[in-house]
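Comments concern the structure below.
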Amino acid sequence: MGKVEKLVALTLGIILFVLLSLFFTSFLVNQFKTISVVLGNIVTVVYVIIMYYYVTLYHKVINQLPRSSYLTFKINDFFLFFLGAGLCLALTMVHIGLVYHHTELGISQNYFELRNLIEVVLNNIVLSFLEELFFRVFIFISLLKIFRKFWLALIVSSLLFALLHLNGLDNQFIGIGLVHIFIGGCILTYLYYITNSIWSAIGFHSFNNIMNAVIYSLDDIMNLTVNTILYLTMFAILVYFGNKIKTGNQFKILSV
């Protein structure tokens, strides 16, 4: 299959996922008040399963990739998940240290209740897995197979990641908000690249969302600016030390 056909297939896949996402989101928004939390969670899990099987089928048919080359479930991935989470926690500690005296921080009283804390943790891990499946395992890998250029695929997929989060941005900070999410996408993609595991990206992504929900809000311009600078610094550090901390000689996809 040529590049044009692959690009058409990728575009159709993206349209399918966007439409499915809109339907899924509107369903939860309109129905969540009248359905139980359990049913809402079941719908989310079913949606993850559908996306997982579509992504694996797409790569098998279109990109002719074995699943082991782009998505693994090994003991090592468990530790890589916490590596990503640890990097995020380190970034959060630095963030808190920088803005502690200048902005309001603190854990909402809601999260002192164990049930609420468990719910926000599990929801963010599931949603992060969902987004990483879509943006890294589906879009990034597909673009990498089309372009055969790692940095071009990283930039384009991270740009799409930022643009598809537009609806969640405050209009007052839309410029820096887009930059913030774009750099975040670059970090997640590069973590995937240097560890050969999507679980490091899921760990960083999920704990980043949890920290944003529990400790500080990025609706505040100071928090958003500081976090963007820290993102950029972390990305630069990852790229600088990338070859030294990489777990394999070559990203698995590039060797297939």
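The values are calculated or read from the model by the stated rules, or taken from the named source; none is laboratory data. Model, not experiment: these values are computed from the prediction. All Cβ positions, glycine included, derive from the backbone under ideal geometry; neighbour counts span all protein chains shown.
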Number of positions in the stretch 66-80 that are crowded, with 20+ Cβ neighbours inside 10 Å and under 17 Å from residue 134 (Cα atoms):
2
Answer residue from the stretch 107-146, given it is basic (Lys, Arg) and out of contact with any Ser or Thr (no Cβ under 8 Å at 6 or more places or on another chain) and is modelled with the lowest pLDDT among those:
115
Go through the residues of the stretch 234-255 one by one and say whether even a single one is at pLDDT 80 or above, in contact with a helix residue (DSSP H, G or I) (Cβ under 6 Å, 6 or more places away or on another chain), of a type in the set (Val, Ile, Thr) and part of a helix (DSSP H, G or I).
no
